[in-house]
Amino acid sequence: MNASTSSPSQQLQQAINSTIDKECAVCYSEMILPTTIPSCGHKFCFICLKGVSVSNNGDCPICRGPIDSQIFKKPLQAVDLKMDIPGTPSAAAPDPVVKQEVDDEDVKPDVKKLQEELKKQQAAAAAQKMFWLYRGRHQGWWRFDPRIEKEIEEAFTHQMPMTEVTICGNPYIVDFSQMCQYPKNQSNYSRNVKRVNSTDFDSLNVKGMSGVFVATTSPPAAAN
Ligand SMILES: [Zn+2]
Ligand SMILES: [Zn+2]
């Protein structure tokens, strides 16, 4: 008999529950900046919940309970400000290291050397990752939500003149010739945007992500 007390079906249910726990009922993806409605305890991505509160009579999408608008005022979360899109393989992950051909069977591949090479490749890939930022109303910069950032980067690398993204339920235009964004049909509410690599990111005052102040948990940059 298996020492485990839970049956395979129970284990499966637990696995499903833990996935559901992380999934947002608005975008059906793993939550980014999970935000809880205090009165009912239901949890969604910050920008999904903010979008719903604007467009859905301000009701919880699951139980139709009220959403306290206070949770959108100066929200603060502790996350990695340079996080990748959760639930997907890291965009910075390099191709696997090609195994060295060894002629003599007695000679073992130099594991240490391979590990060092892998580390180098990972650092190079991380340095190449580009981030998209938009100007804060008064000062500093915000990082776009990683999923929106990916849409913008794809449009940019396909050399489109501009792209439309949905932020908190509202359509926005990101204009690459002017490097600005504005609500669709409201070009007078324009804000600057910036495309930066990891090093430039660190040199700027980035306050957080999509309007959520971030108490960063990212490790300090390694010294050169
Ligand atoms: Zn969501
Ligand atoms: Zn609810």
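The values are calculated or read from the model by the stated rules, or taken from the named source; none is laboratory data. Fair warning: this is a prediction, and the values are worked out from it, not measured in the lab. Here the Cβ is made from the backbone with ideal geometry for all residues, glycine too, and neighbour counts use every protein chain on show. What goes into the accessible areas is simple: the full protein's heavy atoms, side chains included, and nothing from ligands, DNA or RNA. Shrake-Rupley method; radii C 1.70, N 1.55, O 1.52, S 1.80 Å.
If you go through the stretch 28-43 and keep only what is open to solvent by less than 60 Å² (accessible area, probe 1.4 Å), free of Cβ contacts under 8 Å to residues at least 40 places away in the same chain and near ligand 1 (Cβ under 8 Å from one of its atoms), you end up with nothing. For the stretch 44-65, a residue qualifies if it is open to solvent by less than 50 Å² (accessible area, probe 1.4 Å) and under 24 Å from residue 142 (Cα atoms), and the qualifying residues are 44, 45, 46, 47, 48, 49, 51, 52, 53.
Sub-7 Å Cβ pairs linking a first residue in the stretch 196-213 that is hydroxyl-bearing (Ser, Thr, Tyr) to a second residue that is surrounded by fewer than 19 Cβ atoms within 10 Å (Cβ to Cβ), at least 6 apart or interchain, are 198/126; 198/127; 198/129, ordered by first then second residue.
Take the conditions (1) away from ligand 2 (no atom under 16 Å from the Cβ); (2) modelled with pLDDT of 70 or more; (3) not assigned by TED's automatic domain parsing to the domain that holds residue 170; residue 18 misses just one of them, which is (2). For the stretch 181-215, the set of residues classified as in contact with a Cys (Cβ under 7 Å, 6 or more places away or on another chain) and in a strand (DSSP E or B) consists of 191, 192, 193, listed by residue number. Across the stretch 44-90, what is the number of residues that are closer than 30 Å to residue 203 by Cα, away from ligand 1 (no atom under 16 Å from the Cβ) and not in a loop (DSSP other than H, G, I, E, B)? Adding up the residues that qualify gives 1. When residue 124 is tested against the conditions (1) part of a helix (DSSP H, G or I); (2) in the same structural domain as residue 195 (by TED's automatic domain parsing), the lone failure is (2). Annotation for the stretch 168-176: at least one member residue is part of a strand (DSSP E or B), buried (at least 16 other Cβ atoms within 10 Å of the Cβ) and under 19 Å from the mean Cα position of the chain (by Cα).
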